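A quick write-up on the structure given underneath.
The values are calculated or read from the model by the stated rules, or taken from the named source; none is laboratory data. Here the structure is a predicted model, which means the values were calculated and not measured. For neighbour counting, all protein chains shown are included, and Cβ atoms are generated from backbone atoms with ideal geometry for every residue, glycine included. Just so you know, the surface numbers come from the protein's heavy atoms only, side chains and all, with ligands and any DNA or RNA stripped out. Shrake-Rupley method; radii C 1.70, N 1.55, O 1.52, S 1.80 Å.
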Amino acid sequence: MTDDKDVLRDVWFGRIPTCFTLYQDEITEREAEPYYLLLPRISYLTLVTDKVKKHFQKVMRQEEVSEIWFEYEGTPLKWHYPIGLLFDLHASNTALPWSITVHFKKVVELLFFLKHFHCNLFLVSRVREWLLHFSNFPEKDLLHCHSKDVIEAHFMACIKEADALKHKSQVINEMQKKDHKQLWMGLQNDKFEQFWAINRKLMEYPAEDNGFRYIPFRIYQATTERPFIQKLFRPIASGGQLHTLGDLLKDVCPSAITPEDGEQKTQVMIHGIEPMLETPIQWLSEHMSYPDNFLHISIIPRPTD
């Protein structure tokens, strides 16, 4: 890959000022103060919000606290999407700090009534299942995330999928288990050098190839319910010229390209900026991909005011 470490650092250390507030219907023992945090764009909500959870747990009865989840203006925020992608997709044209609402998947008082009176454990277990089924957790919108192991499994699955596209899985398969762990620990602990010491190998390619086999990318549209668009796309055209971001969008999502005689109604966002459509897609993949090695591209409505 081309050596442009300043760009890699800028992407890695991108932060979003965020204000977390507890959902108004959560039962608390005293008023819950907001919690402010600089969220790393390249990470995941459930990986970097332990302090948020501890802050709000202080004002809640511990018996009523279970799984935490987040929403923005009524939209549940998918923990398996990178934070920067979530912001670009849902809140990029709003004022900072980003205002996120915190929810706890509650286990209601009937369960504790049963426990208090030493009811049969089987009965308690069945009641728990029933209560959680009818809890406030948005089952249709969010995946459950009970531990950091779930995040790690998702993260590594994405990296393996990306390398299958770039190198037919040859690079990731040649790595040792400790290398995989170093990628994960670098992300989890926000260690740029630790992560890139290994990730650099995933961004290399033979000089004669001039680029990856295919570009790992996903395109998200704020105005559709479709999760994302993903297809095979080569960084080099058959004639040898470099494909650009504009070429990718024209092929995969032509509605994002402004007609020559039309009004530009959308923005193409990657890491909070609008890259020039003439930017080579290979360069973007090497420098603007998230740690999962995917280029996450948001297509959002352009502000009218």
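Restricted to region 257-274, and to residues that are modelled with pLDDT of 90 or more and part of a loop (DSSP other than H, G, I, E, B), which residue is nearest to Val11 (Cα to Cα)?
As a first pass, look at region 257-274 and keep what is modelled with pLDDT of 90 or more: 267-274.
Adding the requirement that they be part of a loop (DSSP other than H, G, I, E, B) leaves 271-272, 274.
Numbers: His271: 7, Gly272: 10, Glu274: 14 Å.
The selected residue is His271.
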For Phe228, only one of the following conditions fails: (1) without any contact (Cβ under 8 Å) to a residue 60 or more places away in the chain; (2) buried (at least 18 other Cβ atoms within 10 Å of the Cβ); (3) aromatic (Phe, Trp, Tyr). What is its number? (2)
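Per-residue answers, yes or no, for (1) of a type outside the set (A, V, I, L, M); (2) open to solvent by less than 60 Å² (accessible area, probe 1.4 Å); (3) outside the structural domain of Phe70 (by the TED database); (4) at pLDDT 95 or above:
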| residue | (1), (2), (3), (4) |
| --- | --- |
| Thr2 | yes, no, yes, no |
| Phe20 | yes, yes, no, yes |
| Tyr23 | yes, no, no, no |
| Glu29 | yes, no, no, no |
| Ala32 | no, yes, no, no |
| Ile42 | no, yes, no, yes |
| Lys51 | yes, no, no, no |
| Lys54 | yes, no, no, no |
| Gln57 | yes, yes, no, no |
Only one of Glu139, Glu193 that is free of Cβ contacts under 8 Å to residues at least 60 places away in the same chain, in a loop (DSSP other than H, G, I, E, B) and more than 16 Å from the chain's Cα centre (by Cα): Glu139
Would you point out the residue of region 151-189, among those that are under 16 Å from the mean Cα position of the chain (by Cα) and farther than 17 Å from Ser289 by Cβ, that is surrounded by the fewest Cβ atoms within 10 Å (Cβ to Cβ)? Ala153
Given the conditions (1) within 21 Å of Tyr44 (Cβ to Cβ); (2) open to solvent by 30 Å² or more (accessible area, probe 1.4 Å), every one holds for Lys250 apart from (1)
Exactly one condition in (1) open to solvent by less than 10 Å² (accessible area, probe 1.4 Å); (2) of a type outside the set (A, V, I, L, M, F, W, C); (3) more than 30 Å from Arg15 (Cα to Cα) is not met by Asn210; state its number. (1)
